[in-house]
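Asker: Handing you a structure now.
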Amino acid sequence: DAYELWEGDKLRGRFYLDMHPRKDKYKHAAAFPIQVGLKDRQLPEAALVCNFPGGDDGSDLMDHHQVVTFFHEFGHLLHHLFGGRQKWVGQSGIATEWDFVEAPSQLLEEWAWDPEVLKSFAKNDKGEVIPDELIEKMRRARDFGKGLFIRQQMYYAALSLAYYNRGSSMDTTELAKQLAEKYAPFKWVDGTHFQASFGHLSGYSSNYYTYMWSLVIAKDLFAFIKAKGLLDPKVLTSYRKAILDAGGSKDAADLVKDFLGRDFSFDAFSHWVNKG
């Protein structure tokens, strides 16, 4: 399906949704830029490729984690479209530093956990709106074990860096085991080769740490927006103009400062880790 993004009477971008599985299709969910936008010259275009229920499988209800995934990938898509009006290709779309690139999509995930937002669309097969008590249980479950999650992410980050800052000769399994003993919350299982299925090793090279560093910034942005109202058009428009519209025209730290009125802080992330 094809969609157009309009701002008033001005066409700003175009995107395509390929949402359901089919034979030999890409198996995960991702946003793919198709055309980089240039101011007054060409529209930004992108596609969202997913494998959610629907299509030929007879089901059309998504699990909540699939909704979160959709919000995340749609965050990347919006970043590409809104940021695609720069003068130069190298600054257009998602052209920020790698340790910021996940922040807008991680930020958009938060709306998939907000009761008001969820109740606007989340219904079961009987058409009943998701109840408040279920949302609260989901939010508590989300917070459970997040310390373990962060430690595991630190293991992935350390592993990706370690593989790329050494020479070409190394025992990848032995190195993975050594780092697991130092960083991972769970013991290494002999005879396994986790690194063989770690897809981000080729996609992100040594930069897997960007997920957690971007999350620090995303939590700070979210705390700022939440204090003003998650559905407040004034603060959300301000966020879009300061950060998304700018693409890579400024350093990411400066974009965040333009929006927050200060440098980004670790405080919101620390509060989330310790208090939820």
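The values are calculated or read from the model by the stated rules, or taken from the named source; none is laboratory data. Being a predicted model, the structure only gives us computed values, none of them experimental. No Cβ is skipped: glycine too gets one built from the backbone with ideal geometry, and neighbour counts run over all protein chains shown. In case anyone asks, the SASA skips ligands and DNA or RNA and just uses the protein heavy atoms, side chains included. Shrake-Rupley method; radii C 1.70, N 1.55, O 1.52, S 1.80 Å.
Asker: Within region 148-188, track down each residue that is of a type in the set (Gly, Ala, Ser) and surrounded by 12 or more Cβ atoms within 10 Å (Cβ to Cβ).
Answerer: 157, 158, 160, 162, 176, 180, 184
Asker: Restricting to region 35-68, give me the number of residues that are exposed (fewer than 13 other Cβ atoms within 10 Å of the Cβ) and closer than 26 Å to residue 218 by Cα.
Answerer: Here the count works out to 2.
Asker: Okay, next question. Kindly indicate whether residue 206 is open to solvent by 50 Å² or more (accessible area, probe 1.4 Å) and at pLDDT below 95.
Answerer: In short, no.
Asker: Evaluate the following for residue 267: is it within 20 Å of residue 151 (Cα to Cα) and loosely packed, with under 15 Cβ neighbours inside 10 Å?
Answerer: Yes.
Asker: Among the numbered conditions (1) of a type outside the set (A, V, I, L, M, F, W, C); (2) surrounded by 15 or more Cβ atoms within 10 Å (Cβ to Cβ); (3) within 28 Å of residue 166 (Cβ to Cβ), tell me where residue 248 comes up short.
Answerer: Unmet for residue 248, out of (1) of a type outside the set (A, V, I, L, M, F, W, C); (2) surrounded by 15 or more Cβ atoms within 10 Å (Cβ to Cβ); (3) within 28 Å of residue 166 (Cβ to Cβ): (3).
Asker: Then there is this: Of a type in the set (A, V, I, L, M, F, W, C) and surrounded by fewer than 18 Cβ atoms within 10 Å (Cβ to Cβ): does that describe residue 194?
Answerer: Working: of a type in the set (A, V, I, L, M, F, W, C): yes; surrounded by fewer than 18 Cβ atoms within 10 Å (Cβ to Cβ): yes.
When the stated conditions are applied, residue 194 passes them.
Asker: Which of the numbered conditions does residue 71 fail, given that it passes all the others? Conditions: (1) open to solvent by less than 30 Å² (accessible area, probe 1.4 Å); (2) within 30 Å of residue 257 (Cβ to Cβ); (3) aromatic (Phe, Trp, Tyr).
Answerer: (1)
Asker: While we're on this one: Within region 138-147, how many residues are among the charged types (D, E, K, R) and either open to solvent by less than 40 Å² (accessible area, probe 1.4 Å) or within 14 Å of residue 112 (Cα to Cα) (or both)?
Answerer: 3
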